Structures are given as C-alpha cells and as structure tokens.
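Okay, structure first, notes after.
The values are calculated or read from the model by the stated rules, or taken from the named source; none is laboratory data. Note that this is a predicted model, so its numbers are computed, not measured. Cβ placement follows ideal geometry from the backbone for every residue including glycine, while neighbour counts extend to all protein chains displayed.
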Amino acid sequence: MGVKPVMVTCDNWRTAHVVAKEVDQLRGKTSSLYKQLTDANHEFTDAVTDNRILKSDVEALRVKELLGK
C-alpha cells in the first residue's frame, strides 16, 4: 500500500494556486479578526475597570452624604 503517483496537469496546478491564494486571504482575514477581537477585549476590560471605579465613587459619595446629614 504505497502512495499512488498523481499526474500533475495544468488544471491541478491552477487549482493548487487558487487554493493557496484563498488560504493566504483567509489567513489575512483571520489575523484582522483576531486584532479586532483583541482590541474589543481591551476596550471591554477598560470599561469594566472604569465602571468599578465609578461604582466605588458613587458609594463614597453616598457615605459622605449620609455622614453629612
């Protein structure tokens, strides 16, 4: 059970070239999508941090108001 030889024709060569080009395009798209995901994740993390700080500030103002009454 050896490997059967395949006759390389012009059509096979063209098909391989087209597939290789599509693979390169998909790799570029994947890279772009990964960068977008990374950027969105960073923005989300920043928003979560900002939200936590704002909640803490609001709570501090509530305590300050209660102490002032």
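For (1) surrounded by 10 or more Cβ atoms within 10 Å (Cβ to Cβ); (2) outside any helix (DSSP H, G or I); (3) at pLDDT 95 or above, each residue gets a yes or a no:
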{"position": "R14", "(1), (2), (3)": "yes, no, no"}
{"position": "E22", "(1), (2), (3)": "yes, no, yes"}
{"position": "A60", "(1), (2), (3)": "yes, no, yes"}
{"position": "L67", "(1), (2), (3)": "no, no, no"}
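For the range 45-52, the condition holds for no residue, the condition being that it is over 38 Å from the mean Cα position of the chain (by Cα) and assigned to a helix (DSSP H, G or I).
Taken residue by residue, the range 3-11 has no member that is among the hydrophobic types (A, V, I, L, M, F, W, C) and surrounded by 10 or more Cβ atoms within 10 Å (Cβ to Cβ).
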